[in-house]
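Everything on this sheet refers to the single structure shown next.
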Amino acid sequence: MPRNKLLVTGGAGFIGANFVHYWTRNYRRDRVVVLDALTYAGNPASLEPLQSLPAFRFVHGDIRDATLVRALLRDERINTIVHFAAESHVDRSIHSPDAFIHTNVLGTCNLLQAAREAWEADREATDFRFHHVSTDEVYGTLSRDDPAFVETSPYDPSSPYAASKAASDHFVRAYRRTYGLPVSISNCSNNYGPYHFPEKLIPLMIVNALSGAKLPVYGDGSNVRDWLFVEDHCRAIDRILRQGTVGETYNIGGGAEISNLDLVRNLCRLLDEAIGASRALQGTYPDCPAARGSSCADLITFVADRPGHDWRYAMDAAKLRNATGFQPDENLVSGLRKTVQWYLANEGWWRPLLDARYAKWVRQNYPDAGRT
Ligand SMILES: NC(=O)c1ccc[n+]([C@@H]2O[C@H](COP(=O)([O-])OP(=O)(O)OC[C@H]3O[C@@H](n4cnc5c(N)ncnc54)[C@H](O)[C@@H]3O)[C@@H](O)[C@H]2O)c1
């Protein structure tokens, strides 16, 4: 494969960081430039092991900064944009939708415009691609017996997050139809795995259980999600870039539907096993119920449901499978086991994030703390 020059937006976030690790491991000759604004969700520590690679460059900046984006595309002669940067947490979008409109809609439009200019300036010379990373949430919700979403399912977003992603998908398609920009889109189900910020369901449950804190489950826990191990998502995007058809949209799913409550119970079982089998871990996490011979499941507690909470998502990924042969490598059990092992082995990555969260909480609730 010829040397590609990638711009990965949001590469310090959860999936973006996993993608950059995946790509630099598999395509050592490619140039990889990460553009990330380092919001609360961006963590440079996730990219730390890559800083010494000559082909890797981290740029701290905003996708809405037109001058910066234009200069990066031109100076680095970027031919592949993989666009992950987004505000991504549904709960935050319910409380403060503005940032979602700004980054997910306006930021994507800014990138598209800069990409169009770069591609039109060098149309003959480059094999150009703008790949937009989107979500299953644009399709809205399913009931128990509905068939899984296909690429032609109507858009019906429920949350401000999903609406902002839906809007960005429409703009990407419009740039294809109006200007011919070589784009592709993937809509993926819920991801989990290493480097996941501990406000999202799976890492939150792991780190709370380790410190003996409650495991909050929305409503009665019956909402169903389809989960995909993050490295499988990265491989799927790779396949779309190499074998997918320009202008097409591909659903990506794990084929692993499970209710939130059963998911949390599975995590508790894995933690009980891991902590129960290791004296060292019992010493490190003395407040975890599994360190005292009880089950982490004792910490499960039901909290008021999220407004507009979609009941079920499920993805039909046949189009991607038929076009590229892609199948996930991990099933839910093997993927969750890898994830639990990663969090147990990488407390140095997640602990400072919790400490920062705690410090913010103290500042908000006790503004005079520490002052004389
Ligand atoms: N996490 C999932 O389960 C999932 C599933 C399907 C699709 N997606 C999509 O995948 C993408 C990545 O999701 P994630 O979970 O890794 O998100 P994340 O919140 O972990 O990371 C987002 C990254 O984008 C950066 N960012 C935010 N605003 C920016 C801006 N204005 N300019 C530059 N960088 C900015 C943040 O600093 C962060 O590093 C998103 O587009 C999301 O919609 C996520």
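Just so you know, all these numbers are worked out from the coordinates, no wet-lab data involved. Here the structure is a predicted model, which is why all the values come from computation and not from measurement. Reconstructed Cβ throughout: ideal geometry from the backbone, glycine too, with neighbour counts over all protein chains shown.
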Sorted by mean Cβ packing within 10 Å, highest first, what order do the peptides 110-116, 334-340 take? 110-116, 334-340
Given the options N79, P147, F56, identify the residue whose Cα lies farthest towards the positive end of the charge dipole of the chain (+1 on Cβ of Lys, Arg; -1 on Cβ of Asp, Glu). F56
Rounded to two decimal places and with Rh computed the Kirkwood way over Cα pairs, what is Rg over Rh for segment 122-267? 1.03
Taking 1 over the mean of 1/r across every pair of different Cα atoms in segment 67-195, what Kirkwood radius in Å do you get? 15.7
Mind checking which lysines have their Cα closer than 23 Å to the Cα of K200? Skip sequence neighbours fewer than 8 apart in that chain. K165, K214, K338, K360
Take every DSSP beta bridge with both residues inside the chain and express the antiparallel ones as a percent of the total, to the nearest 5. 10
Just how many % of Cα pairs in segment 229-278 lie over 18 Å apart, if you round to the nearest whole percent? 55
Loop-resident sites, segment 171-231, for trypsin sites (Lys or Arg not before Pro), counting at most 16 other Cβ within 10 Å (DSSP): K214
Segment H170-R25, extension gain: residue separation times 0.36 nm, minus the distance between their alpha carbons: 48.9 nm
For the chain, the Cα convex hull volume per residue in Å³ comes to 155
Segment L354-I101, extension gain: residue separation times 0.36 nm, minus the distance between their alpha carbons: 88.4 nm
